[in-house]
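Everything below concerns the one structure shown next.
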Amino acid sequence: MKKIHALSLMVLPAVLVACGGGEPKAPSPAPAAAPSAPAAAPAAPVKGTASVTGTVAFQGQAPKAEAISMNADPACQKAHSGTVYGDTVVVNDNGTLRNVFVHVKAGLEGKQYPVPSEPVVVDQMGCRYSPHVLGMMAGQTLKILNSDDTLHNVHALPSKNEQFNIAMPKFMKEKEVTFKTPETMIKVKCEVHPWMSAWIGVLDHPYFSVSGETGAFSLDELPAGTYTVEAWHEKYGTQTQEVTVGDGEAKEIAFTFTAQ
């Protein structure tokens, strides 16, 4: 019996090995998945080499400039040595119109432009907004300054963006805000000084300009294409023109607003 038992013990390991017994083998590791390629970033639009320039003329008798009384706030009155006039209609000496917002209204659909990192600045100086009309891109920072020694209140009245109403006492010299959605035009006013107003054009591209002391405007670095260009004035409304430019081409157009 002892011999049989010893023989059984010798045969049993062999049987177990033959039947798959013994130490189990570790499963082979699965092959590593190939890393997925990173998603391609959308290509930034290439700056063009075309330009559209021109002037905004004024036709007819210019309205009489409206004098502003600042007697209600001594700090405002002290900031000026003479009579102050409103900014609604400013006709330049060469017969052109100031504060006209000119921009590409159509023709850039599908293109995306990076938002500038530098802010656009509007100052409350002498109890007036400077500049009176300005442009910026959606998402860009608007830096609002208070250079006056008095309380101001900045009340934006957009229809597509969120309104804000910010009190800026004389010790608050700076405030930053943004508009997320393109919108032309947004009125800004001061509840403390009712004569104060400004207008902001918020776009999804950088092709805009504001006519100044010579009535000129310039839309530079445009890609070749056909565009609808709009000129906006707070009293006289809007006008549009269609213009086609090729690579490296410069076109001139003109707008004329007539006295009402």
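Of the strands (runs of 3 or more DSSP E) that lie entirely inside segment 131-182, those containing 3 or more residues that are over 16 Å from Trp199 (Cα atoms) and not small (Gly, Ala, Ser) span 174-178. Report, by residue number, each residue of segment 223-246 that is touching a residue at least 24 places away in the same chain (Cβ under 8 Å), more than 12 Å from Phe101 (Cβ to Cβ) and open to solvent by 30 Å² or more (accessible area, probe 1.4 Å). Residues satisfying the conditions are Ala224, Thr226, Thr228, Lys235, Thr240. Inside segment 100-131, residues that are open to solvent by 20 Å² or more (accessible area, probe 1.4 Å), in contact (Cβ under 8 Å) with a residue 60 or more places away in the chain and within 30 Å of Leu151 (Cβ to Cβ) make up a count of 2. The residues of segment 87-99 that are touching a Phe, Trp or Tyr at 6+ places or on another chain (Cβ under 7 Å) and open to solvent by less than 30 Å² (accessible area, probe 1.4 Å), listed by number, are Gly95, Thr96, Leu97.
Each row is one residue, and each column tells you yes or no for (1) open to solvent by 60 Å² or more (accessible area, probe 1.4 Å); (2) touching an Asp or Glu at 6+ places or on another chain (Cβ under 9 Å).
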{"residue": "Thr150", "(1), (2)": "no, yes"}
{"residue": "Ser159", "(1), (2)": "yes, yes"}
{"residue": "Glu162", "(1), (2)": "yes, no"}
{"residue": "Lys187", "(1), (2)": "yes, yes"}
{"residue": "Ser197", "(1), (2)": "no, yes"}
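Scanning segment 207-222 for residues that are open to solvent by 20 Å² or more (accessible area, probe 1.4 Å) and more than 16 Å from Arg98 (Cβ to Cβ) returns Asp220, Glu221. The criterion of being among the acidic types (Asp, Glu), surrounded by fewer than 18 Cβ atoms within 10 Å (Cβ to Cβ) and either modelled with pLDDT of 95 or more or farther than 25 Å from His155 by Cα (or both) holds for Glu249. Scanning segment 44-88 for residues that are assigned to a loop (DSSP other than H, G, I, E, B) and under 30 Å from Val115 (Cβ atoms) yields Ala44, Pro45, Val46, Lys47, Gly48, Thr49, Asp87.
Taking the stated definitions as given, is Met185 under 30 Å from Lys47 (Cβ atoms) and either in a loop (DSSP other than H, G, I, E, B) or within 22 Å of the chain's Cα centre (by Cα) (or both)? In short, yes.
The values are calculated or read from the model by the stated rules, or taken from the named source; none is laboratory data. All values derive from a computational prediction rather than experimental measurement. A quick note on method: Cβ atoms are made from the backbone with ideal geometry, for glycine too, and the neighbour counts reach across all protein chains shown. The protein model used for the area step is the full one, side chains on, heavy atoms only, and it has no ligands, DNA or RNA in it. Shrake-Rupley method; radii C 1.70, N 1.55, O 1.52, S 1.80 Å.
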